[in-house]
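Here's the structure, in structure tokens; my notes come after.
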Amino acid sequence: MTTDTANARGNARTRPNPGLLVIGRLVVPALAVVTLLFGGGLVLGLVQSLGYLPATGMQMFTLRHFAGVLSDPDFFYSLGLTFYIAATSTATAALISVAMALVLTSLARRQRVVHFIFQIPLTVPHLVIAVALVFMMAPTGLLSRAALKLGMINSSASFPLLINDSWAIGTLTAYVWKEVPFITLMILSVLRRTGMELLEVGKTLKASRRQRFFHITLPTIFPSLAAACLIVFAYTFGAFEVPFLLGQTYPMTLPVWAYKSYSDVDLMARPEGIAIGLIIAAVIIAAVVAAQLLTKAARHRGLVL
Amino acid sequence: MVAAGVIVVVLLPFVPLVMWSLSDRWFYPELWPRQWGLRAWQYVFSTAGTQILGGLWQSVGVAATVSCISVGIGMPAGRALGLFDFRGKDLVAVVLILPVIVPPLCVAMGLHLWFIIIGLAGSFLGVVLVHLTFCLPYAVFVMWGIFSNYDPAYEEQARSLGAPAWKVLVRVTLPLTFPGIIVAGLFAFLLSWSQYLSTLIIGGGKVATLPILLFALMGSGDRPVAAAVSIVFVAPAMLALLFSARYLGGRSITGVR
Amino acid sequence: MGDLKLQNITIDYDHTPVVHDFSLTVENGQMASLLGPSGAGKTTVLKAVAGLLQPRSGEIFIDGRLANGLPPEKRNAVMVFQKNLLFPFMNVEQNIGFGLRMQGRSNAEVHRRIEKILELTELTGLNRRKVHELSGGQQQRVSLARALVLQPAILLLDEPLSSLDATLRQQMRELIQDIQAQTRITTLFVTHDQAEALMMSQRVCLLLNGRIRQVGNPQELFYRPADPEVARFFGGCNFFEGQLKNGVYYSPFATVAAPELADNGQRLNATIRPEDILISVKGTQGLPGRVQKASFEGGTTRIWVQCQNRVFVVLAPRTDLCAGQNVRLHLPKDKIRIFPPGN
């Protein structure tokens, strides 16, 4: 998707602009739906988090819900945990993906079964992999039973905590399993389209294997790798199901906390939940903007595509 | 070597799902179920059949509706973005990328109050609308990619050969962009299909799609049934993958999340 | 600097041979072209020399050293691809300097050599340009410069001009010839364009269906094609049959002394180029014929003449002939090429 933009520009540039009326007719429906529903959702969320809640009779503009969240001593634990999960799973998945992409390009295209199997996690909902990992990694799960059978542990209590643990191992496992194929396939399409030819050029221009990787492969895949990583980071930072099922109960990740507050029986907690949601959105948008600026700087210096 | 590794790592998580769904009695620390059986599957298809199959249809209905609307509205937008350069194009791109990266949680919480007031909360339509906020932009991006490699001269050729506009659409444009339409539709379907939280917030439990039921089952602790429902939940997505592998010439469905 | 020697190369692709028993020597400082229609296996040969694929059998010697088994980066041959394949994330200077940097040359040396090569390829001042800001011709020159700057023993050019329009292509041909004459770099040049091969190279190797059909200097291939297929590739279209008797070749159209051919009464094919046939309206000399059609081509007119049971194609600089007209054809004896036995 986003990686095709350079290409898209090329096609669009050669064509005369058919006028705002024609373009408007094509774009406006989609834009209207997104603006109304997405934009409307965010604005209404903001309004509510700023204290306008007719159901409870609160109609005062106030910053106290945001203040309440930000001054909560648990907030920074949660923020840290959420960031740790998102950053670690994205970085791990990215490293594995680059290696996988290289392996898959060297693997003959004819090995279609591998390619097919490799795509399976793309279609598996996060919820299902979380459920599967509960069955696999819980203290009474399949791994624990196998370890006991093999005599590696002597009771379920001595099995290491892999889910609901403080290192979020279960959550990270689920995300890495799910996101590696996504990132890999994003890189792979670029690598197959232009990367292979450029690598041949690199060979004839006397670049060693290592040099080809750092000077050709990495700069070529960087834009799609970065785009894929951003999407994964944004997703893992704002997702609910996996940390809810596999994460520890305290501290919670921000999305889990946001939903807990929002669905609290105490309606007064609802604006705080929405405030946390907006903070999540703000962090993600800030991360994307920062990444864009960094990429622009790198491009300016000719480091990447 | 690597191939074998990939296959094991990908398929391993399904082993406990399948085993648990086929076990009647299985206690810790046994490695194999003490008694294999179809209790869970009987529960899924007969005891709680109306509820779970109802959830399946609910899920299919929501995802199919979202997918159709996304493609229908997304295709013209993708065409404009892929074929033309115009003022404000960057802004349009930003407006469309935001719903892709901002978690649906934020939007759903904001929309909830409004939907309560206009009577959409707890309704099928309400859930479809909230899913559209992120499925539609995805479809637009896919179609953008498709149309950036599309040559509208084919349409002009058809027109000059005497085809009226609607025939050009049906006989030229749609066949040429068909693989892209399928991929876009598949993306939107899968995104909507696996959505939990926004469905829960807007649907309020009244629109009981499969993920809502699965979450409730995980809470109840009946592992065999939860495993069986999980399998029911992945099956259509797998079929979609098989379908795409079969009909899109083995092309990978790059970009699906 | 160095010579290139290919001995009995056979190359497989997907277990089917695409190049059979290919042998070719390019002398030091020579510009040779590998000519053939698309799909003949030209690029395959080039890639084998570059080391991008391995021949099933045969030897490749670059500068006198056996290169089989050497990876591309260890070979003293650089290939310029058909698509310019410039690194899109680098500017002109970075692209040209790529190979030198890979060898770990010092900054000063890299800059000095880049400047020199920019001048040679008429790109001076474009150092900082982004690849997508260059014209097609400039991109192709950068691609050439990127290879030349490494001063390889062998330069391999894979149809580097095919993506350019006619005028630009002519300019690039001249530029490449100039550069080759100046640097005296041994060059193997792949093309499907016979005119390009004839004008650019000192030695032409014609490849058809993965096999060498003829190697020689441009005049040899053009005037003394080894067999009818070679003649056809260079635009030959007039073929006829005759018989040898007592050192003389007899055919209904011409009688030619052929003392060099074995005299055993066998039937042999012969050809004459369309521009070598003389045509006249008056007189009683020559073969009588009738014009079937004439098609004006600018400098010349292509005329189809029915003569006995054959149709001869004649290229002549006259415009006064029309269908149905009676003419006389004259086939100069020295322009007739009799194919040796076996064809």
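The values are calculated or read from the model by the stated rules, or taken from the named source; none is laboratory data. A quick note: this is a predicted structure, and the numbers were derived from the prediction, not measured. So basically every Cβ, Gly included, is an ideal-geometry build from the backbone, and we count neighbours across all protein chains shown. The accessibility values were calculated without ligands, DNA or RNA, using every heavy atom of the protein model including side chains. Shrake-Rupley method; radii C 1.70, N 1.55, O 1.52, S 1.80 Å.
What the table below lists for this structure:
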| item | result |
| --- | --- |
| Residue within the stretch B:225-243 that is farther than 17 Å from residue B:64 by Cβ, more than 10 Å from chain A (Cβ to nearest Cβ) and at pLDDT 90 or above present | yes |
| Condition check for residue B:69: in contact (Cβ under 8 Å) with a residue 40 or more places away in the chain, within 9 Å of another protein chain (Cβ to nearest Cβ), assigned to a helix (DSSP H, G or I) and on the phi < 0 side of the Ramachandran plot | yes |
| Helices (runs of 4 or more DSSP H) contained in the stretch B:100-203 and holding at least 3 residues in contact with a His (Cβ under 9 Å, 6 or more places away or on another chain) and either more than 11 Å from chain A (Cβ to nearest Cβ) or crowded, with 23+ Cβ neighbours inside 10 Å (or both) | B:174-193, B:197-203 |
| Set A:80, A:51, A:68: member being open to solvent by less than 80 Å² (accessible area, probe 1.4 Å) and either within 8 Å of another protein chain (Cβ to nearest Cβ) or modelled with pLDDT of 90 or more (or both) | A:80 |
| Residues of the stretch B:81-99 satisfying the condition of being over 12 Å from residue B:133 (Cβ atoms), touching a residue at least 40 places away in the same chain (Cβ under 8 Å) and either buried (at least 24 other Cβ atoms within 10 Å of the Cβ) or at the interface with chain A (Cβ under 7 Å from one of its Cβ atoms) (or both) | B:81, B:82, B:83 |
| Matching helices (runs of 4 or more DSSP H) fully within the stretch A:196-247 where at least 2 residues are at the interface with another protein chain (Cβ under 9 Å from one of its Cβ atoms), open to solvent by less than 10 Å² (accessible area, probe 1.4 Å) and over 13 Å from residue C:87 (Cβ atoms) | A:218-238 |
| Checklist (1) outside any helix (DSSP H, G or I); (2) buried (at least 16 other Cβ atoms within 10 Å of the Cβ) applied to residue C:124, failing item | (2) |
| Failed criterion for residue C:5 (all others in (1) within 14 Å of chain A (Cβ to nearest Cβ); (2) charged (D, E, K, R); (3) open to solvent by 60 Å² or more (accessible area, probe 1.4 Å); (4) farther than 20 Å from residue A:199 by Cβ hold) | (1) |
| Long-range neighbours under 7 Å by Cβ, at least six apart or interchain, first residue free of Cβ contacts under 8 Å to residues at least 60 places away in the same chain within the stretch C:248-272, second open to solvent by 80 Å² or more (accessible area, probe 1.4 Å) | C:251/C:241; C:252/C:308; C:263/C:246; C:265/C:245; C:267/C:241 |
| Residue match in the stretch C:90-102 (condition: open to solvent by 50 Å² or more (accessible area, probe 1.4 Å) and in a loop (DSSP other than H, G, I, E, B)) | no |
| Selection status of residue C:109, more than 18 Å from residue A:204 (Cβ to Cβ) and among the acidic types (Asp, Glu) | yes |
| Residue C:141 being modelled with pLDDT of 90 or more, under 15 Å from the mean Cα position of the chain (by Cα) and either more than 17 Å from residue C:72 (Cβ to Cβ) or not in a loop (DSSP other than H, G, I, E, B) (or both) | no |
| Boolean, residue C:308 is closer than 25 Å to residue C:242 by Cα, touching a residue at least 60 places away in the same chain (Cβ under 8 Å) and exposed (fewer than 13 other Cβ atoms within 10 Å of the Cβ) | no |
